[in-house]
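The values are calculated or read from the model by the stated rules, or taken from the named source; none is laboratory data. Remember, predicted model here, so these are calculated numbers, not experimental data. Cβ coordinates were reconstructed from backbone atoms using ideal geometry, including for glycine residues, and neighbour counts include every protein chain displayed.
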Amino acid sequence: MTATSRPTDNSNRSSGRVIARVIWTSIKILIIPVLCIAALIVGLAVGYVILGDKPMSDVFDSGTWKHMYDLVFAEGG
């Protein structure tokens, strides 16, 4: 049994395959940051609502997170 060699000439690739490959590569590169951001949002919501017994609407309020920042980085005496 002998295997036939495939031609390595890339000049006859269809543009559809190239575009699909670029799109697939972009998806693979972007999936990790998107999943990390989604995990951050879910973690904030779970921690704030379940552990903190606060309403879900406060999770996305910027005043809440400013208050938490002030508590963490306040100069104590």
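For ARG21, which of the numbered conditions (1) in a helix (DSSP H, G or I); (2) in contact with a helix residue (DSSP H, G or I) (Cβ under 6 Å, 6 or more places away or on another chain); (3) not hydrophobic (A, V, I, L, M, F, W, C) fails to hold?
(2)
Kindly check whether there is at least one residue in the stretch 62-73 that is surrounded by 10 or more Cβ atoms within 10 Å (Cβ to Cβ), among the hydrophobic types (A, V, I, L, M, F, W, C) and modelled with pLDDT under 90. Talk me through it step by step, then tell me what you get.
We begin by selecting, within the stretch 62-73, every residue surrounded by 10 or more Cβ atoms within 10 Å (Cβ to Cβ); these are 64-69.
Then drop every residue that is not among the hydrophobic types (A, V, I, L, M, F, W, C), which leaves 65, 68.
If we keep only those that are modelled with pLDDT under 90 too, we end up with 65, 68.
For the stretch 62-73, residues surrounded by 10 or more Cβ atoms within 10 Å (Cβ to Cβ), among the hydrophobic types (A, V, I, L, M, F, W, C) and modelled with pLDDT under 90: present.
Out of LEU44, LEU51, report the one residue that is surrounded by 10 or more Cβ atoms within 10 Å (Cβ to Cβ) and either modelled with pLDDT under 85 or within 30 Å of MET68 (Cα to Cα) (or both). Talk me through it step by step, then tell me what you get.
Details: LEU51 fails: surrounded by 10 or more Cβ atoms within 10 Å (Cβ to Cβ).
Answer to the selection: LEU44.
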